[in-house]
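Inspection log for the structure reproduced underneath, given as structure tokens.
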Amino acid sequence: MTLTIKQIGKIAVVTVDNPPVNALSQAVRQDLWNAAEALDRDPSVDAVVLICAGRTFIAGADVSEFGKPPLPPHLPDLVTRIEKTAKPWVAAIHGSALGGGFEIALGCRFRVASPSASIGLPEVRLGIVPGAGGTVRLPRLAGAALAADMVTSGQPVTALRARAQGLIDAVVEDDLESGTIDFLRLALAQPLPPPLCERYVPAVEASFWETTAKSVALRAKREQAPLRALDCIRKACEYEFEAAMEFERETFLDLRGSPQARALRHVFFAERAAPRPPELRATVPQSIRSAAVIGGGTMGAGIAAALCDAQLPVTLVERDSEALDRGLSNLRAIFESSVKRGKISPDVAEERLAAVTATTDYGALADVDLVIEAVFEDLGVKRDVFARLSAVCRPDTLLATNTSYLDPGQIAADIAHPERFLGLHFFSPAQVMKLLEIVPTPDTAPVTLATGFALARMMNKIPVRAGICDGFIGNRILKVTRAQAERLLLSGAEPQTVDSAMRAFGLPMGPFEAQDLGGLDIAAFQRRAARVRGETPFAPVADRLYALGRFGQKSGGGWYDYDKGDRTPKPSVAVAGIIAAEALATPQRQWSEGEIVDCIVLPMINEAARILDETIAARSEDIDLVQIHGYGFPRFRGGLMHYAETRGLGDIVAILERFAKEGLAEPPCGLLRNSTGSGRFGLP
Ligand code: 3HC
Ligand code: NAI
């Protein structure tokens, strides 16, 4: 049994208990159905409280059942069964009532919630629409505009907001079960409100649908579910209840098996698996109650802000008082911008800043639990910092470097207790970007690694373990992206056609626009270091732009020209001249949008396969998460590797071989070739 029933006076309390999140598996649906039947027949029961055990109310349909044939009772029938019960049901919500969970609550006659609860219909994030009446009942409760906003964005709302918007009937401050029973006793003394299926949606302005569709399309980019969800809401307003339910069900079933929904489900499970890798499940992490950051530049300030956001007291260390002032003002600017964007209140910003101790004295770190170094990308400077940390910190203080390209093993070569050292590679801006590459050295102890993952959970980051190589997982693939983009230019494509093809594929920005935003100087510095190591990075045009001082937006020009105070990229005659000069020896050809994407993305897949083969990444899903959360790879494509498997590994090998013959890419690697039989990476 996934639920229990007890009786308090004439009120039955149905408690669903299906850990971890009370998802609506077939067993839960059946048990709820049976409960509705039994309680309707029971003359000693006047009303029913539906409540959940564990950390949350029902968090939705069981997503793991989506790939399988649906089994009765189907969720829409169950919601209707609850709505039609002879005794009124009240949903008592704690944690999250999401998707099918909120739809069950909409089937109840009343909804009450704890102040910390949230409710929502996040189905569009899984590439589907609500499939159990959410798009039909919600407008009948809240009106078309609020329903459209909630359903097309998938964003949950807090209980207090939901109360103000009429989505729930009461907020229960103390014990949820007894508070709900008190609420119900009062409610039963009044005439009952009609169930939502019997209500109508207030009319909206004629222009509402067109205006909303435009803004939804803009936000959804190329995801199809949000617009299909808006269609369902429109039908819910214009059709009778039953016809609207039918339309919603058809849309749900149509989308459930779509490539986008499969890709988004893949990302859903990858994201949930990432914070707790199976190999670390048995390792208890150290507790982290305080943190320090060395260096208050771009990354250090962002990391410090992210640690503050995770409620940790932070010590910020700089090399002198001038740099310390700059570091603090970087940090202040981050919080001010969060206030401006409405993310936090001015009071919270002040509180967070007050939790920061700024100093130039390493002695202040004697009792800190974690130190993250974010000083200049220079082995000597970093080793010096760790020598000082090693002298002042406790022997069990976790020491981490944010290096992008250096070998963390070399950085830690001389520290005491190297088992407490690891790489924590944040992405810029660190207070925003979700990705955290966790890079153990050969000496890193499992408990240190487990603590890195626990820290990621505290900071609400998506952690991915990466092995040591130049650029770890993400920046190693980025190098290929950029080299391929330049190869395209030398063989006839223009920066703007390359950028627009990549945007059409789903990236937020093309490779040249992105470099202009970030600055060409950083990559030039890395190429210089690579040349010192004896490598031969390929960037003939970027090298010339750098030599001319064309660093991107910050210098008024990079791959594009920029007018003063305007960030709109304009094709550059000067850059076209440099490309033409560099391309003299390369055969020119016409490039279609699809070929441009293939010439960049397929070599990225090839490099990713090598990364997997060398066990730099442990799982292909990890590479998907790196690409989505670090580089804006379209989520609806499921990430780089999911895209590759969906596209067909055999096709990819054939196209890469053609490119290789023309000198436009490396030939497919062994793992890619060997995986074509199964169509899955790593399976023969
Ligand atoms: N189905 C199946 N498994 C689910 C699930 C779901 N709807 N939601 C969460 N899980 C699993 C996770 O995979 C994870 O499994 P694991 O322990 O084996 O790795 C476990 O539950 C815990 O999940 P989290 O780590 O995410 O737990 P948190 O406490 O951090 O978050 C939560 C809880 C806010 C409920 C979060 O899990 C969440 O947002 N879940 C998804 C909710 C959702 O999208 N619901 C809509 C489903 S679609 C639907 O209902 C269609 C309907 O309209 C017909
Ligand atoms: P930055 O130049 O903006 O900041 C470096 C800071 O370190 C400066 O404020 C400097 O005063 C301080 N510093 C130098 N020596 C110090 C010392 N001995 N003690 C205390 N402070 C010292 O550099 P940025 O961009 O923040 O990079 C820092 C590190 O993060 C580098 O290793 C870089 O490779 C890495 N990184 C950078 C990313 C980016 O996009 N900028 C992304 C991810 C990692």
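Read-outs: derived from the displayed coordinates by stated rules, not from any lab. Because the structure is predicted, anything quoted here is derived from the model rather than measured. Glycine gets a Cβ as well: all are built from the backbone with ideal geometry, and neighbour counts include every protein chain shown.
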- prompt: Working from the pairwise distances between different alpha carbons, so that the mean of 1/r is found and then inverted, what is the chain's Kirkwood radius in Å?
  reply: 27.9
- prompt: Taking GluC sites (Glu not before Pro) that fall in a DSSP loop and have at most 16 other Cβ atoms within 10 Å as cut points, what is the longest piece of the chain between them?
  reply: 241-534
message: Between Gln410 and Thr283, how high is the FRET efficiency from 1/(1 + (r/R0)^6) when r is the Cβ-Cβ distance and R₀ = 30 Å? Nearest 0.05.
response: 0.70
field: Sequence-separation-based contact order of the chain, relative, with Cα cut under 8 Å and 6+ spacing, percent
entry: 9
task: Work out how much length Glu205 to Gln190 would gain on full extension: take 0.36 nm times their residue separation and subtract the Cα-Cα distance, in nm to one decimal.
output: 2.0 nm
message: Run the helix sum for the chain: -39,500 (n - 2.57) per DSSP H stretch of 4+ residues, divided by residue count, reported at 222 nm to the nearest 500 deg cm²/dmol.
response: -14500 deg cm²/dmol
field: the stretch 3-257 - Rg (one decimal) and Dmax (whole number), Cα, Å
entry: 17.3, 54
field: Label point distance in nm, Thr359-Asp378, each placed 7 Å from Cα along Cα→Cβ
entry: 2.5
statement: Of the convex hull drawn through the C-alpha atoms of the stretch 474-674, the volume per residue in Å³ is 123
statement: Most exposed first, judged by fewest Cβ atoms within 10 angstrom, Arg185, Arg550 run Arg185, Arg550
message: I'd like the FRET efficiency for Lys554 and Glu351, computed as 1/(1 + (r/R0)^6) with the beta carbon distance as r and R0 of 56 Å, rounded to 0.05.
response: 0.95
- prompt: Using the beta-carbon distance between Leu227 and Asp651 and R0 = 35 Å, what value does 1/(1 + (r/R0)^6) give for FRET efficiency, to the nearest 0.05?
  reply: 0.75
Cα-based shape type of the stretch 465-547, given that a ≥ b ≥ c are square roots of the gyration tensor eigenvalues and the cut on a/c is 1.5: oblate
- request: Please give the contour-minus-distance gain from Glu322 to Arg567: 0.36 nm per residue of separation, less the Cα-Cα distance, rounded to one decimal in nm.
  value: 85.1 nm
query: For the stretch 260-271, what does the Karplus curve 6.51 cos²θ - 1.76 cosθ + 1.60, with θ = phi - 60°, yield as ³J(HN,Hα) per residue in whole Hz, taken in order and with x for Gly and Pro?
result: 5, 5, 4, 5, 5, 5, 4, 5, 3, 6, 5, 5
task: Pick out, in residue order, every one of the trypsin sites (Lys or Arg not before Pro) in the stretch 279-325 that is DSSP loop and has at most 12 other C-beta atoms within 10 Å; say none if there are none.
output: Arg281, Arg289
query: What number, in percent, do you get for the relative contact order of the stretch 533-684 if the mean sequence gap of Cα pairs under 8 Å and at least 6 apart is divided by its residue count?
result: 15
query: aspartates and glutamates near Lys10 by alpha-carbon distance under 14 Å, same-chain residues fewer than 8 away left out - which ones?
result: Asp40, Asp42, Asp46, Asp182
- line: Over the Cα atoms of the stretch 540-651 the radius of gyration and the largest Cα-Cα distance (Dmax), both in Å, equal 17.9, 48
message: What distance in nm separates the two pseudo spin-label positions at Lys84 and Glu238, each 7 Å out from Cα along the beta-carbon direction?
response: 2.8
query: Roughly speaking, what is the stretch gain from Ser337 to Arg161, that is 0.36 nm per residue apart minus the C-alpha to C-alpha distance, in nm to one decimal?
result: 61.0 nm
- request: Would you kindly calculate the translational diffusion coefficient of the stretch 288-465, applying Stokes-Einstein with the Kirkwood radius from alpha carbon pairs, for 10 °C and a viscosity of 1.306 mPa s, and quote it in µm² s⁻¹ without decimals?
  value: 100
message: If I model a spin label at Arg388 and Arg673 as a point 7 Å from the Cα along the Cα→Cβ vector, what separation in nanometres do I get?
response: 5.2
- request: Give the distance, in whole Å, between the Cα centre of the stretch 102-144 and the Cα centre of the stretch 7-26.
  value: 18
query: To one decimal place, what orientation-averaged projected area in nm² is obtained for the convex hull of the Cα set of the stretch 515-571?
result: 3.7
DSSP bridge orientation in the chain - percent antiparallel, rounded to nearest 5: 30
statement: The set of residues whose placed amide H lies less than 5 Å from the amide H of Ala47, leaving out same-chain residues fewer than 5 positions away, is Ala12
field: Where a label projected 7 Å from the Cα of Ser428 along Cα→Cβ would reach, residues of the stretch 505-533 with amide N under 18 Å
entry: 509-530
field: Set of lysines near Lys554 by C-alpha distance (under 16 Å), chain-local residues within fewer than 8 positions excluded
entry: Lys564, Lys570
